[in-house]
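What follows is calculated from the coordinates using simple rules that are stated; it is not laboratory data. Computed from a predicted model, the values in this text were never measured in an experiment. Please note: Cβ atoms are built from the backbone with ideal geometry, for glycine as well, and neighbour counts cover all protein chains shown.
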Amino acid sequence: MAVVSGLSMIPTLAPDERLLIRHDGPMVLGDLVIFKRNNQYDIKRIIRIEADGIFAQGDNDLVSTDSRSYGLIPFDDVLGTVTYRLWPKPGRIKQG
């Protein structure tokens, strides 16, 4: 489980929402991924998949610090994909 903090994924995700993470399985364009960067965890949307990693951006372009700033995210840093919102409105997360 992950808890959202920050505003980079609004309107898809809001602060304090609880999410279920899938730690195995394929990643596809549009998936939301959680990854570790600089000793913190971030959630962003996959925009591009390359041989060396993924390019991911936040849904809120005005406030998101993402691959546009720090480049590709190595596959080894990706913990999994976001599959469901557990709280406050349980349900599947819309991809893409």
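Under a point spin-label approximation (7 Å from Cα along Cα-to-Cβ), what is the Leu7-Leu86 distance to one decimal in nm?
Between Leu7 and Leu86, the simple spin-label model gives 2.7 nm.
Long-range amide H contacts for Asp31: which residues qualify at under 5 Å (H placed 1.01 Å from N, peptide plane, sequence gap of 5 or more or a different chain)?
Hits under the 5 Å cutoff: Ile46, Gly96.
Scan around Leu79 for amide H atoms under 5 Å from its own, H built in the peptide plane at 1.01 Å from N, and keep only partners 5 or more places away or cross-chain.
Correct list: Ile34, Phe35, Lys36.
Quick one: net charge around Gln95, please, counting Lys, Arg +1 and Asp, Glu -1 for every other residue with C-beta under 11 Å from its C-beta.
+2
Using a 7 Å offset from the Cα along the Cα-to-Cβ direction at both Val28 and Ile93, what is the distance between the two label points in nm, to one decimal?
Label at Val28, label at Ile93, 1.6 nm between them.
Enumerate the calculated ³J(HN,Hα) couplings along segment 56-63 in order (Karplus 6.51 cos²θ - 1.76 cosθ + 1.60, θ = phi - 60°), each rounded to whole Hz, writing x wherever the residue is Gly or Pro.
10, 10, x, 6, 9, 4, 6, 10
Straight-line reach only, C-alpha to C-alpha below 16 angstrom: list the lysines that Lys44 could link to, leaving out same-chain residues fewer than 8 apart.
Straight-line reach from Lys44, under 16 Å: Lys36, Lys94.
Using a simple spin-label model with points 7 Å from Cα along the Cα→Cβ vector, what separation in nm is obtained for Asp76 and Asn39?
2.0 nm
How large is the Kirkwood hydrodynamic radius of the chain, in angstrom, based on all distinct alpha carbon pairs?
Computed over the chain, the radius equals 13.2 Å.
Can you give the relative contact order of the chain as a percent, counting alpha carbon pairs under 8 Å and 6+ residues apart?
Contact order relative to length: 32 percent.
Would you kindly derive the ³J(HN,Hα) couplings of segment 12-17 from the backbone phi angles with the Karplus curve 6.51 cos²θ - 1.76 cosθ + 1.60 (θ = phi - 60°), listing them in order in whole Hz, with x for Gly and Pro?
5, 10, 10, x, 6, 5
For the chain, what does the helix formula give at 222 nm: sum of -39500 (n - 2.57) over DSSP H segments with n ≥ 4, over the residue count, nearest 500 deg cm²/dmol?
-500 deg cm²/dmol
Can you give the convex hull volume per residue for the Cα atoms of segment 38-83, as a whole number of Å³?
Residue-normalised Cα hull volume stands at 89 Å³.
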